[in-house]
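Structure record follows, encoded as structure tokens.
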Amino acid sequence: MPVPKGSSLDPDRTRAAILRTAEGILYARGLDGVGIAELCAEAGVSKETLYRHFGSKDGLIRAVLEARSDRVTRWLARAAADAGDEPAAQLAAVFDALGRWYGEPGFRGCAIVNAATQRHTAPASAIATRHLGRQLDLLTAIAGRAGAADPAALGRQLLLLLEGATVVADHLGVPGAADDARDAALALLNGAARTARRN
């Protein structure tokens, strides 16, 4: 993103543009599939500019993964909230949103989990732990609103379905992975709610 002569630099815009470019490349090719020189060339910035904003390639990876985790967390929370007050509708909406994502061109699974699989060290591993924890919080809250006797246990089961569906959609290319996971998740949620009502 060369700046025309006489234009003022906008550090926030430059940083955001580097993040956007790096996210696309790292998601498509993996953390180690591209070097810093190519990242700089694709973003149209010098190494000095990249290092000034992120300190290192690991600093850039951290920023990319944190930004993606924040965006995914907001997206799934919004999908649940937009579905209304009924927990089953909220849960279905989460899996329906995932299903639309699975069908997008270039879908390659969860970028954060992929990164942690490639590197079982910080920053990728720590960000994946936090990311999965945020998804678990969303699902546990839905389980709690449904009246599950043990919302934490049900939340973990729902997270297994969510992450499993993402892996199956990515590696097996199963078109209905999100639908299958949604049906199983709703069965678990309804069963937990029925058990809670009987007790």
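The values are calculated or read from the model by the stated rules, or taken from the named source; none is laboratory data. This one's a predicted model, so the numbers in the text were calculated from it and none came from an experiment. Positions of Cβ are generated from backbone atoms using ideal geometry, with glycine treated the same way; all protein chains shown enter the neighbour counts. For accessibility, only protein heavy atoms count, side chains too; no ligands or nucleic acids. Shrake-Rupley method; radii C 1.70, N 1.55, O 1.52, S 1.80 Å.
A few notes on this one:
- Candidates in region 36-60 are the residues that are among the small types (Gly, Ala, Ser) and touching a residue at least 12 places away in the same chain (Cβ under 8 Å); of these, the one that is most open to solvent (accessible area, probe 1.4 Å) is GLY44.
- Flag if VAL94 is free of Cβ contacts under 8 Å to residues at least 60 places away in the same chain, surrounded by 13 or more Cβ atoms within 10 Å (Cβ to Cβ) and assigned to a helix (DSSP H, G or I): no
- Apart from one condition, ASP137 fits all of (1) exposed (fewer than 15 other Cβ atoms within 10 Å of the Cβ); (2) more than 28 Å from LEU172 (Cα to Cα); (3) acidic (Asp, Glu); the exception is (2).
- When region 106-125 is filtered for residues that are of a type in the set (Gly, Ala, Ser) and either part of a loop (DSSP other than H, G, I, E, B) or more than 15 Å from GLY24 (Cβ to Cβ) (or both), the ones remaining, listed by number, are GLY106, GLY109, ALA116, ALA122, ALA124, SER125.
- Yes/no for ALA169 being closer than 18 Å to VAL113 by Cα, buried (at least 18 other Cβ atoms within 10 Å of the Cβ) and touching an Asp or Glu at 6+ places or on another chain (Cβ under 9 Å): no
- Just one of the numbered conditions (1) farther than 30 Å from ARG194 by Cα; (2) more than 15 Å from the chain's Cα centre (by Cα) is not true of LEU154: (1).
- If the condition is being part of a helix (DSSP H, G or I), surrounded by fewer than 18 Cβ atoms within 10 Å (Cβ to Cβ) and without any contact (Cβ under 8 Å) to a residue 24 or more places away in the chain, then region 19-35 contributes ARG20, GLY24, ILE25, ARG29.
- Pairing residues of region 147-176 that are at pLDDT below 95 with residues that are among the polar types (S, T, N, Q) and loosely packed, with under 14 Cβ neighbours inside 10 Å, at Cβ distances under 7 Å and at least 6 apart in sequence or on separate chains, gives ALA149/THR195; ALA149/ASN199.
- Qualifying residue in region 70-87 (condition: part of a loop (DSSP other than H, G, I, E, B), open to solvent by less than 50 Å² (accessible area, probe 1.4 Å) and without any contact (Cβ under 8 Å) to a residue 12 or more places away in the chain): yes
- Only residues that are over 21 Å from ARG78 (Cα atoms) and either of a type in the set (D, E, K, R) or surrounded by fewer than 17 Cβ atoms within 10 Å (Cβ to Cβ) (or both) were counted in region 119-134, giving 7.
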